[in-house]
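Below is one structure, written out as structure tokens, with a few remarks after it.
The values are calculated or read from the model by the stated rules, or taken from the named source; none is laboratory data. Everything numeric in this text was worked out from a predicted model, so none of it was measured. Cβ: placed from backbone, ideal geometry, glycine included. Neighbour counts: every protein chain shown.
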Amino acid sequence: MVQDRFGVVEVTVFARLPVPSDQMERIREHLQRHLHGREVRVHNQRDEHMVGGIKMQIGDRLYDDSFRTMLRHMRELIREDGSAVIKSRGGEMIDAGAVALRVQRGQPRTR
């Protein structure tokens with residue numbers, strides 16, 4: 001890929017609603033630090049089928065932090081480990097979901 005030769009990384013951010021430009025810039029800066037200074041170009045893509053959260057397509061990899069995936073993981077934990085895991089990690093999962101929902105709505109990330 002030509003972009004790889006020039007150190008450019010194309011990232012598509014999927015969300016139910018358009019991600020505000022200041023949050024897109026924070027995502028870009030964060031990824032640029034973690035990709036060792038390579039130039040990162042972020043693209044905002046609305047996905048009306050998403051419930052909430054975000055997904056990021058970076059090259060051929062998809063990073064999925066959507067509500068649907070979080071709920072699916074919770075369901076798998078319940079099936080595999082039962083209520084012990086939910087009791088020990090339930091608050092953490094609910095907090096993560098609440099933060100993602102506030103970000104989706106453009107509200108501050110208070111805890």
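Residue-wise test of (1) part of a strand (DSSP E or B); (2) among the acidic types (Asp, Glu); (3) modelled with pLDDT of 95 or more.
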site	(1), (2), (3)
Pro18	no, no, no
Gln32	no, no, no
His43	yes, no, yes
Met74	no, no, no
Glu92	no, yes, no
Is it the case that Met24 is farther than 11 Å from Val9 by Cβ and part of a loop (DSSP other than H, G, I, E, B)?
-> no
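To keep it simple, each residue is scored yes or no on (1) in a helix (DSSP H, G or I); (2) among the acidic types (Asp, Glu); (3) out of contact with any Ser or Thr (no Cβ under 8 Å at 6 or more places or on another chain); (4) modelled with pLDDT under 65.
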{"site": "Val51", "(1), (2), (3), (4)": "no, no, no, no"}
{"site": "Lys55", "(1), (2), (3), (4)": "no, no, no, no"}
{"site": "Leu62", "(1), (2), (3), (4)": "no, no, yes, no"}
{"site": "Asp65", "(1), (2), (3), (4)": "no, yes, yes, no"}
{"site": "Thr69", "(1), (2), (3), (4)": "yes, no, yes, no"}
{"site": "Arg79", "(1), (2), (3), (4)": "yes, no, yes, no"}
{"site": "Ala84", "(1), (2), (3), (4)": "yes, no, yes, no"}
{"site": "Leu101", "(1), (2), (3), (4)": "yes, no, yes, yes"}
{"site": "Arg109", "(1), (2), (3), (4)": "no, no, yes, yes"}
